[in-house]
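Here is the structure we will look at, set down as structure tokens.
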Amino acid sequence: MSEQEQKQEQPIENVTENAAPNTEDLTETEAQTEQNATDPLEEAIARVQELEEQLADAAKKEQDALLRARAEVDNMRRRAEQDVEKAHKFALEKFAKDILNTIDNLERALATPANKEDESVKGLFDGVELTLKELLATVARFGIEPVGLVGDTFNPELHQAISMQPAEGFETNQITAVLQKGYLLNNRVIRPAMVMVAA
């Protein structure tokens, strides 16, 4: 055989070798095909798990938002109830402050030095005293009560000290004299008592 014929035969052998399927290549291809077939399934499972996690997170956020909304509604309702209660309790505050001047004037009238045994004055004093008692009973029914009595301990929340001086028979911080009574409306100070305190 000549060299040229040998060269021509060689490529034919190479072609036949390349054309014959290799069993190892087939098994790898089948494995890749199987792998490709399972990959979408695994991807789908992973996607389902991801969506389930997102759904659980969304449900948790929704539950949290619902609880916050309920708490906010409860707080608003409680605040509204407190506002209504305060409005009922302290609706009379302005009126009470105005009526205190009348009470003060009646007390001053009774404290005026006069001969109370005189028949012409006695009737007047009795009438003023009864009027004052009735007025105090009426305001007491609406939650107005006086504070600041001689001998009480000084309380800066209830009393306003005009002066402090030593006084016999009184302990330190005890009220020695009341210049003007103080009043509470449902335990809220509407006017502090003006007092003198023992030093």
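In the range 56-102, which residue that is part of a helix (DSSP H, G or I) and touching a residue at least 40 places away in the same chain (Cβ under 8 Å) is surrounded by the most Cβ atoms within 10 Å (Cβ to Cβ)?
Checked the range 56-102; the qualifying residue surrounded by the most Cβ atoms within 10 Å (Cβ to Cβ) is ALA96.
Among the residues of the range 104-156, write down those that are under 19 Å from ALA177 (Cβ atoms), over 39 Å from the mean Cα position of the chain (by Cα) and open to solvent by less than 50 Å² (accessible area, probe 1.4 Å).
Of everything in the range 104-156, those that are under 19 Å from ALA177 (Cβ atoms), over 39 Å from the mean Cα position of the chain (by Cα) and open to solvent by less than 50 Å² (accessible area, probe 1.4 Å) turn out to be ASP104, GLU107, LEU110, GLY151.
When residues of the range 108-124 are filtered for being outside any loop (DSSP other than H, G, I, E, B) and more than 30 Å from ALA167 (Cβ to Cβ), how many remain?
6
Looking at GLN32, GLN49, can you tell me which residue is more than 29 Å from ASN186 (Cα to Cα), at pLDDT 90 or above and among the polar types (S, T, N, Q)?
GLN49
Which of the residues belonging to the range 89-126 are modelled with pLDDT of 85 or more and polar (S, T, N, Q)?
Listed by number, the residues that qualify are ASN101, THR102, ASN105.
What number of residues within the range 35-46 are open to solvent by 80 Å² or more (accessible area, probe 1.4 Å), of a type in the set (A, V, I, L, M) and modelled with pLDDT under 60?
0
Kindly indicate which of ALA193, ALA198 is buried (at least 17 other Cβ atoms within 10 Å of the Cβ), more than 27 Å from ASN101 (Cβ to Cβ) and at pLDDT 90 or above.
ALA198
List the residue pairs whose Cβ atoms are under 8 Å apart, where the first residue sits in the range 117-131 and is among the polar types (S, T, N, Q), the second is surrounded by 13 or more Cβ atoms within 10 Å (Cβ to Cβ), and the two are 6 or more positions apart or on different chains.
Short answer, once both residue conditions are applied: THR131/LEU106.
For the range 157-177, which residues satisfy the criterion of being open to solvent by less than 50 Å² (accessible area, probe 1.4 Å), assigned to a strand (DSSP E or B) and under 27 Å from PHE95 (Cβ atoms)?
HIS159
The values are calculated or read from the model by the stated rules, or taken from the named source; none is laboratory data. No experiment lies behind these values; they were computed from the predicted model shown. Neighbour counts are summed over all protein chains in view; Cβ atoms, including those assigned to glycine, are modelled from backbone coordinates with ideal geometry. To get the accessible areas, we keep the full protein, side chains included, count just its heavy atoms, and leave off ligands, DNA and RNA. Shrake-Rupley method; radii C 1.70, N 1.55, O 1.52, S 1.80 Å.
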